[in-house]
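Have a look at the structure below before the remarks.
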Amino acid sequence: MYQTIVFLPLVASLIAGLFGRQIGDRGAQVVTCGALIISAVLSWVAFFQIALAPGDHALNVQVLSWIVSGDFNVNWAFQIDTLTAVMLVVVNTVSCLVHIYSVGYMSHDPHIPRFMSYLSLFTFAMLMLITSNNFVQMFFGWEGVGLASYLLIGFWYKKPSACAAAIKAFVVNRVGDFGFALGIFAIFMTFGSADFSVVFSDVTSYADQSIHFIGMELDLLTTICILLFIGAMGKSAQLGLHTWLPDAMEGPTPVSALIHAATMVTAGVFMVARCSPLFEYAPAALEVVCIIGASTAFFAATVGMSQFDIKRVIAYSTCSQLGYMFFALGVGAYGAAIFHLFTHAFFKALLFLGSGSVIHASSDEQDMRNMGGLRTKIPVTFWMMTIGTLALTGFPFFAGYYSKDMIIEAAYAAHTGVGSYAFGLGVAAALMTSFYSWRLVFMTFFGESRASKEVQDHVHESPQVMLIPLYVLALGAVVAGYVFSGYFIGDHYEDFWAESLFLAGENVMEAAHHVPTWVVASPFIAMVVGFVTAWYFYIKEPSMPGRFVATFRFAHALSFNKWYFDEIYDILFVKSAMKLGYIFWKRGDENIIDRYGPDGVSAAVVRVAEKFKALQTGYLYHYAFAMLIGLSAFVSWFVLGGQ
Amino acid sequence: MVTAITFYIFATILVGSAIMVVFSKNPVHSVLFLILAFFNAAGLFVLLGAEFVAMILVIVYVGAVAVMFLFVVMMLDINFTELRKGVQDYLPIGLLIGFILLAEMVIIAGGWTMTDGIATAMTTATPPASEVTNTDAIGRVLYTDYIFLFQLAGLILLVAMIGAIVLTHRKRDGVKKQNIGDQVRRRRSDAYEAVDVKPGSGI
Amino acid sequence: MNEIFPNLAVAYGEIFLGIGAMALLMIGVFKKDSVNLVSWLSAIFLVVALFLTVAGTGDVTYTFNNMFVADKFTNFMKILVLVAATLAVIMSREFFRLEGDDRFEFPVLMVLSTLGMMVMVSANDLMTLYMGIELQSLALYVLAAFKRDSERSTEAGLKYFVLGALSSGILLYGCSLVYGFIGSTNFSAISMAVSNMGEGGAPVGAIVGLVFVLAGLAFKVSAVPFHMWTPDVYEGSQTPVTAFFAVAPKVAALALLSRTLYVPFGEMSASWGQVVIFMSVASMILGSFAAIMQSNIKRLMAYSSIGHVGFALLGLIAGNAEGLRGVMIYMAIYLVMNVGMFVCIMCMRRKEEGMVEDIKELSGLGRNHPALALAISIFMFSLAGVPPLAGFFAKWYVIIPIVNAGYFTLATIAVLASVVGAYYYIRIVKIMYFDEPVEEFVAQKSFPMKIIATLSAVLVLAFIVPQISSPVLDGATAAAQGLSQK
């Protein structure tokens, strides 16, 4: 069964990719969607078998031996435990819905088989990542999703901005992947194996050991964990390595929903959770995770408030929510983090697909300043978006309410410095989340339409094939929190997670259930304040934003320009690297190496060749002379010198 | 003594006329000098007791080859002075090479020693001239020991003949040739035709 | 007068060809429009001669008063010569059918020339050597000038003839010096005499004589500095003539050179080694560099053949069986590559212009005639010595012996020369696939040509398969041991 879940998308991808021409657009859609539906259904079966049934049901499924080189042994194998099962459900469900949605959304694209093939390829790589039982296979999946992400962001390869965004995503991810790879090397060096089981069982014996590296004495496990976390930062777009995510919105909207909201970007969260046995013995690393996560949550929320591109707003929102997950991990609330990952997948995919529906309806317009008043024209999409927004902002009894509030409470309950930091920023971010989410809804669906006449005439509700996935996701966004909170973070915590998550000390979530009332109420209040502010700014007093911007010019500029991250990076890395490269290219390569190396040699060869050519005059007596000169030279050699 | 004097006379004239072949301005003179050189070479062969070779040289080279050269030179109007124009440019290097080779040959000849084996090997090849005539001696080996080379020489001549025909022979139109077969085969009906001419119409 | 009647059995191939050539002449003269018949009969005769040669035992046998020898080495080389000649006859048949101007003398001259080559291969006497060379060359001079109305062809023939005569003179002079200083023209006798000379070695006159002989033979294999005729003659002659020139005479002359150096003068390898080293290095370098600037494909092939001869000579320098084996393998592979390449060159024809020879005319061939372009690419890569094609192994088997013999500098030069050479070979591939296409060629419809090209390409590709290469390798090993053992 597990082989089927993992490899069916690969098979579908290969069929659609290699034989797309033969089976046609419809064939490619049927094959990939069919494969994903089967995988998704089987994933839910697996989820019920592994996670919901009482007791420990973790499985190890061997597929084949991969690398055998000296002491280094790696197998293709699946480790199926609760964590994997949850991820399977998330990945396959969202992926399946996105596949179906894409049938409608991409219906006018000339390269449907390629798109479907990439989507399935991504799914396969993601499954490889989450099912692996060792770091190497995980890295394979990790790079695989990176590749698929690159291909899909640059899917419209004729658009220069899409290509640039694809390259940016790839390059920024390289930085993270480098850290991850170093982490894996360090793990192999330390533990002599890359298998999770071996590494996690040996971890205690390496706690508090240190390594020497260029004169510094570093705590071994902290170093490993921070390296791994750098990988996670790249993939999950955490502060510093987040710049690629908003640009990745150049890809088709289903891609944004699948890869850049629900699945790939959560790989970092998953990885840290998977490595909880390591991180638990590296408290310093956990603090770093917590600080980075909280900062990201806050930072991304501030940027989200001032953006106008509907997809970018959601992208920053994703960034921010990922920050929540990380600081949850940082305070040890692994269950809460994964729970938020789970619920977030539903409502964020819903928001993305909804925004796709909006974009689709308004003739590929993404700027919210050119929208407005769509509520009556596309009511289904409006309601779906509203549900998603309610879930995101944490409206009581929607999915986000359970998971996000739990995270904030856990941060408070940790009673540590970084925990308090995270709590404060988390509440602030919740307020801003509420503000920008409702701002999005108000700007898009309420008020007068600001679109051009042609676009207005053209606005239409999306076809059923796009709406059905929205219904399914909306259902998840409404009930996922209520139904599963007991298992993920509540009373069945121990039973549910079993061995898949590790805690060295106290369970912070136990404490989180017993925090003061004001702490419990604070996210809700923040949400309400955010909503009211948004309502005031965009419904009641539409001139307010302009005045606000005029007053707080600096704050707005900072937010609007994404805290100048792109500009700083451009100056620090891109420009200087270009300049350095230019110097090496012009001075080093062309003027020194080429001039005296290849070019010099080839020029010399041509000169010699011309001389040789000139020897061949065509005159008979020259030839005869040449022969005689040669002969007499040989003879002289022997007569005079040879003897 | 007489032999020695004769040898030097022949040899001097031979070398002298060979030089004149190259340097005389008139090509006809060159060919004539060539003939003179052949005659002297034949004389040298006679001195060696190789009268057959001497006669062959006179008959074939003088009688056939040199005479043909003469024909060719006289028939073709070639401006030899024009051809020789560039000689001055190449004369120094040509002379240098010639001189070097000559000097080396002298050095080699100076160092020539005969080992015993060589002397016997050389003499066994030919029967003593007093016992058998030249022609007889050549005949004895030509069709036995050297039959292979003899046949090959025949083939080479065949190739030369084919070559000459291939490169020069052309079928020309309008050349009358006697074909006896055609003449014999000719019938009365081929020769004439009776035409019934209508009065007043002409043929 | 060792034997009353010479042992003819070892020379059945030669005898058959000699008589056959005369019979062909008769057919050609007395039967009208018999060009086709004579051509095909020539090819058949050559094949029959091949079988007669192969039928020999391969034991060392002397005949015709020790002037003629047959052993495994001669068998091997004659097979190469006869295969090359047969293919050349077939190719020229196809060529003249398209170009017109076909005369029955052409195949007959080829047969006679081939006979000369066989004699060269089997020569065991300086006189046989000379006769073989003359028979071969004289026919070749005529072939070079065969298109008598073309100025280029006539010029090629004349140049070849005059320079050939000069080289013959040098050769003869060398023979007479050797005879004068050693006392015999027979290879076996010379060998004995030289080994008897002991410590002081051969007299300097004999060495100089050998140098003269070497120079004469070097002219035939077109080794630097006796190569000057090659580009002009290759370019001026008609393509099938060039194809014939490029392979069969080279093989024969190299066989003769090997025997001359190994058998009579084997003891003097220290002397001739230096000359051969110079010729080898100079040929490799000139062949590689001069070809770069060529625009005519036949001229390019001429320089290519000069370069290849340089490589083949490397094997001789090693002076042992291993090196000789390398030479033989080299020539076998060289044969296949060149025959294939020349078939391809003959495909370069357009309706209006007829044959074209400029390399630029090949541009766009990859699109117009993918199969032809592929074949040319295979041959080019092989000529350049790119593994795993046959040309790589050819170089491999000559470079390894000289490395084993301690000539490291020489091996380095060889490798560098082949790097430079690769430039112009691969440039052709680039032109075919990446340059702006020009008008396409008339498709080659002839079945034999396609067969030859395909077979050559397959052989070049498949040489790496042991089952394909082992007959050549084993044959060469046995033959080489036979020759250098004595």
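Brief remarks follow.
- If you check C:381, C:392 for being open to solvent by 10 Å² or more (accessible area, probe 1.4 Å), without any contact (Cβ under 8 Å) to a residue 40 or more places away in the chain and not charged (D, E, K, R), only one passes: C:392.
- Filtered residues of the stretch A:173-198 (kept if among the aliphatic types (A, V, I, L, M) and in contact with a helix residue (DSSP H, G or I) (Cβ under 9 Å, 6 or more places away or on another chain)): A:175, A:181, A:182, A:184, A:186, A:187, A:194, A:198
- The stretch A:595-621: number of residues that are open to solvent by less than 80 Å² (accessible area, probe 1.4 Å) and more than 7 Å from chain C (Cβ to nearest Cβ): 8
- Of the candidates A:334, A:316, the single residue that is closer than 19 Å to residue A:239 by Cβ, open to solvent by less than 10 Å² (accessible area, probe 1.4 Å) and touching a helix residue (DSSP H, G or I) at 6+ places or on another chain (Cβ under 6 Å) is A:316.
- Checked against the criterion of being in contact with a Pro (Cβ under 8 Å, 6 or more places away or on another chain) and open to solvent by 20 Å² or more (accessible area, probe 1.4 Å), the stretch A:182-189 has no qualifying residue.
- Residue satisfying all of: in the stretch A:97-133; among the hydroxyl-bearing types (Ser, Thr, Tyr), part of a helix (DSSP H, G or I) and farther than 30 Å from residue A:64 by Cα; modelled with the lowest pLDDT among these: A:105
- Options C:116, C:174; residue that is at the interface with chain B (Cβ under 10 Å from one of its Cβ atoms), open to solvent by less than 10 Å² (accessible area, probe 1.4 Å), of a type outside the set (D, E, K, R) and closer than 24 Å to residue B:146 by Cβ: C:116
- Any hit, the stretch C:308-331, residues being within 14 Å of chain A (Cβ to nearest Cβ) and on the phi < 0 side of the Ramachandran plot: yes
- Against the numbered list (1) of a type in the set (S, T, N, Q); (2) in a helix (DSSP H, G or I); (3) open to solvent by 20 Å² or more (accessible area, probe 1.4 Å); (4) without any contact (Cβ under 8 Å) to a residue 60 or more places away in the chain, residue C:75 comes up short only at (4).
- Filtering the stretch C:28-46 to residues that are assigned to a helix (DSSP H, G or I), away from chain B (no Cβ under 14 Å) and open to solvent by 50 Å² or more (accessible area, probe 1.4 Å) leaves C:36, C:37, C:40, C:44.
- Residue match in the stretch A:282-298 (condition: open to solvent by 10 Å² or more (accessible area, probe 1.4 Å) and touching a Ser or Thr at 6+ places or on another chain (Cβ under 7 Å)): yes
- Set side by side, the residues A:346, A:327, A:342 differ, and just one is open to solvent by 10 Å² or more (accessible area, probe 1.4 Å) and closer than 17 Å to residue A:405 by Cβ, which is A:346.
- Condition broken by residue C:58, with the remaining ones in (1) within 13 Å of another protein chain (Cβ to nearest Cβ); (2) touching a Lys or Arg at 6+ places or on another chain (Cβ under 8 Å); (3) more than 25 Å from residue C:342 (Cα to Cα) satisfied: (1)
- For the stretch C:198-237, filtering for residues that are facing another protein chain (nearest Cβ under 7 Å), more than 16 Å from residue A:632 (Cα to Cα) and of a type outside the set (Asp, Glu) leaves 4.
- Qualifying residue in the stretch A:153-168 (condition: small (Gly, Ala, Ser) and without any contact (Cβ under 8 Å) to a residue 60 or more places away in the chain): no
For every residue, the table says whether it meets (1) closer than 30 Å to residue B:131 by Cα; (2) touching a residue at least 12 places away in the same chain (Cβ under 8 Å); (3) open to solvent by 70 Å² or more (accessible area, probe 1.4 Å).
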site	(1), (2), (3)
B:38	yes, yes, no
B:57	yes, yes, no
B:61	yes, yes, yes
B:66	no, yes, no
B:82	no, no, yes
B:87	no, no, no
B:94	no, no, no
B:98	no, no, no
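- Pairs linking a residue in the stretch C:169-192 that is under 11 Å from residue C:130 (Cα atoms) to a residue that is outside any helix (DSSP H, G or I) and open to solvent by 20 Å² or more (accessible area, probe 1.4 Å), with Cβ atoms under 8 Å and 6 or more positions apart or on different chains, are C:175/C:185.
- Within the stretch B:136-152, considering residues that are within 11 Å of another protein chain (Cβ to nearest Cβ) and open to solvent by less than 30 Å² (accessible area, probe 1.4 Å), the one nearest to residue C:113 (Cα to Cα): B:152
- Identity of the residue in the stretch C:12-27, within 27 Å of the chain's Cα centre (by Cα) and open to solvent by 80 Å² or more (accessible area, probe 1.4 Å), that ends up nearest to the other protein chains (Cβ to nearest Cβ): C:22
- The set of residues in the stretch A:634-643 that are surrounded by 13 or more Cβ atoms within 10 Å (Cβ to Cβ) and at the interface with chain C (Cβ under 8 Å from one of its Cβ atoms) comprises A:634, A:635, A:637, A:638, A:639, A:642.
- Helices (runs of 4 or more DSSP H) completely within the stretch A:351-460 that count 1 or more residues being crowded, with 17+ Cβ neighbours inside 10 Å and touching a Gly at 6+ places or on another chain (Cβ under 7 Å): A:379-393, A:399-413, A:417-445
- Checking each residue in the stretch C:435-473 for being surrounded by fewer than 18 Cβ atoms within 10 Å (Cβ to Cβ) and small (Gly, Ala, Ser) picks out C:443, C:462, C:470.
The values are calculated or read from the model by the stated rules, or taken from the named source; none is laboratory data. Computed from a prediction, not measured in an experiment: that's the story for all the values here. So basically every Cβ, Gly included, is an ideal-geometry build from the backbone, and we count neighbours across all protein chains shown. Surface accessibility is based on the protein's heavy atoms, side chains included, excluding ligands, DNA and RNA. Shrake-Rupley method; radii C 1.70, N 1.55, O 1.52, S 1.80 Å.
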